[in-house]
1. Determine whether GLY79 is open to solvent by less than 10 Å² (accessible area, probe 1.4 Å) and assigned to a loop (DSSP other than H, G, I, E, B).
2. Looking at (1) farther than 19 Å from LYS43 by Cβ; (2) within 16 Å of the ligand (Cβ to nearest atom); (3) open to solvent by 40 Å² or more (accessible area, probe 1.4 Å), which is the only condition ASP72 fails?
3. List pairs: first residue in the range 274-290 and of a type in the set (Val, Ile, Thr), second residue more than 14 Å from the ligand (Cβ to nearest atom) anywhere in the structure, Cβ distance under 7 angstrom, at least six positions apart or on different chains.
4. May I ask you to say which residue of GLY296, GLY278, GLY215 is out of contact with any Lys or Arg (no Cβ under 9 Å at 6 or more places or on another chain) and either over 20 Å from GLN27 (Cβ atoms) or open to solvent by 10 Å² or more (accessible area, probe 1.4 Å) (or both)?
5. Any residue in the range 219-233 that is on the phi > 0 side of the Ramachandran plot, within 12 Å of the ligand (Cβ to nearest atom) and not hydrophobic (A, V, I, L, M, F, W, C)?
6. SER26: modelled with pLDDT under 95 and crowded, with 24+ Cβ neighbours inside 10 Å, yes or no?
7. Name every residue in the range 108-118 that is open to solvent by 10 Å² or more (accessible area, probe 1.4 Å) and either in contact with a strand residue (DSSP E or B) (Cβ under 8 Å, 6 or more places away or on another chain) or farther than 22 Å from THR152 by Cβ (or both), in order of residue number.
8. If you take the residues in the range 248-262 that are over 18 Å from TYR315 (Cβ atoms) and touching a residue at least 12 places away in the same chain (Cβ under 8 Å), which one is nearest to the ligand (Cβ to nearest atom)?
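The values are calculated or read from the model by the stated rules, or taken from the named source; none is laboratory data. The shown structure was predicted, so the numbers you read here are calculated from the model rather than taken from an experiment. Backbone-built Cβ (ideal geometry, glycine too); neighbour counts: all protein chains shown. Note: accessible area is taken over every heavy atom of the protein model, side chains too, but ligands, DNA and RNA are not part of it. Shrake-Rupley method; radii C 1.70, N 1.55, O 1.52, S 1.80 Å.
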Amino acid sequence: MQRRTFIKQTTALSAIASVSAKASNSQNVAKFPVVISTWKNEKANTAAWESLQKTGRALDAVEAGARIPEADPNDTSVGYGGFPDRDGNVTLDACIMDEKGNAGSVTFLQHIMHPISVARAVMEKTPHVMLSGEGALQFALSQGFKKENLLTETAKKAWEEWKKTSKYEPKINIERHDTIGLLALGNQGEISGACTTSGLAFKMHGRVGDSPVIGAAVFCDDEVGGACATGLGEFVLKTLGSFLIVELMRNGKTPQQACEEAIMRIVKRYNYKEFQIGYLALNKKGEYGAYAIQPGFNYTLTTNGVTKVYESASYMK
Ligand code: ASP
């Protein structure tokens, strides 16, 4: 089982210091265009940034960013190379939302390397928001996506190893959940968001998490900003975290305060010591926030063409 390599505490502290220095108040601010993504996803941010240089559109940027881990066989929680469910099937969830309030999503999609692009096609080419399973696959094929085997040898070996005990226990900050969620402000300052995942490793067949659910894993409103989520999706679903964060920002909270409040809603009601949730928020002014239940959540920010990984603050110390 591979772990994410977390940046060392010292690097994190100096990185946080350099960001804080730029902030106009206690809230971190980035100049748009800006890209922010969950976890250590520098390559994804770089692709998103390059896309912004070409089209300037936040929607193109978040899609381009999401496609990077989707195609990376070494990323075991997204797309190709993602760990399978308990029956050995790689099943994928993704969603995308633009500044006009358009949204598209796929759930329980198999054999397609880029679910985020299928989600975008659902948004742009169908009257629907969400397509699932076989229907999503048929739609993807009709749009020219290729059917592929997404189970790599490494993921297969990990699954075979897991089958020896078949113990289902998601671990905090461990590679069983490391979904990418992205938010971007485009050249016109418009907001878009995306999320893509292979979901929890060794989940029940048919399990769908928060990642394809608009309002749970991603929500954007161009009057306010956007939010995205990672972690044990069941708790993001039960609290509709991203929608909540955007509404909190609408009502005057900073992105940082809104992320903290959304985490507190979980902490107050659930046995939060046993799982991780991380939230990111970005408002229209370029102010952003990050907060998680447990230490260990990090995020990648690109502003002024510079990409850096930062450690998020967390409820548990
Ligand atoms: N939220 C995702 C899920 O529950 C997993 C993750 O964030 O890594 O499917």
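1. Spelling it out, GLY79 is indeed open to solvent by less than 10 Å² (accessible area, probe 1.4 Å) and assigned to a loop (DSSP other than H, G, I, E, B).
2. (1)
3. Cβ pairs passing all conditions: ILE277/ILE263.
4. Checking each option against the conditions leaves just GLY215.
5. The answer is yes, given that some residue of the range 219-233 is on the phi > 0 side of the Ramachandran plot, within 12 Å of the ligand (Cβ to nearest atom) and not hydrophobic (A, V, I, L, M, F, W, C).
6. Details: modelled with pLDDT under 95: yes; crowded, with 24+ Cβ neighbours inside 10 Å: no.
So SER26 does not fit the description; no.
7. Matches in the range 108-118: PHE108, GLN110.
8. Quick first cut of the range 248-262, residues over 18 Å from TYR315 (Cβ atoms) only: 249-252.
Next cut, touching a residue at least 12 places away in the same chain (Cβ under 8 Å) only: 249-250.
Details: MET249: 21, ARG250: 24 Å.
Restricting to residues being over 18 Å from TYR315 (Cβ atoms) and touching a residue at least 12 places away in the same chain (Cβ under 8 Å), the top hit is MET249.
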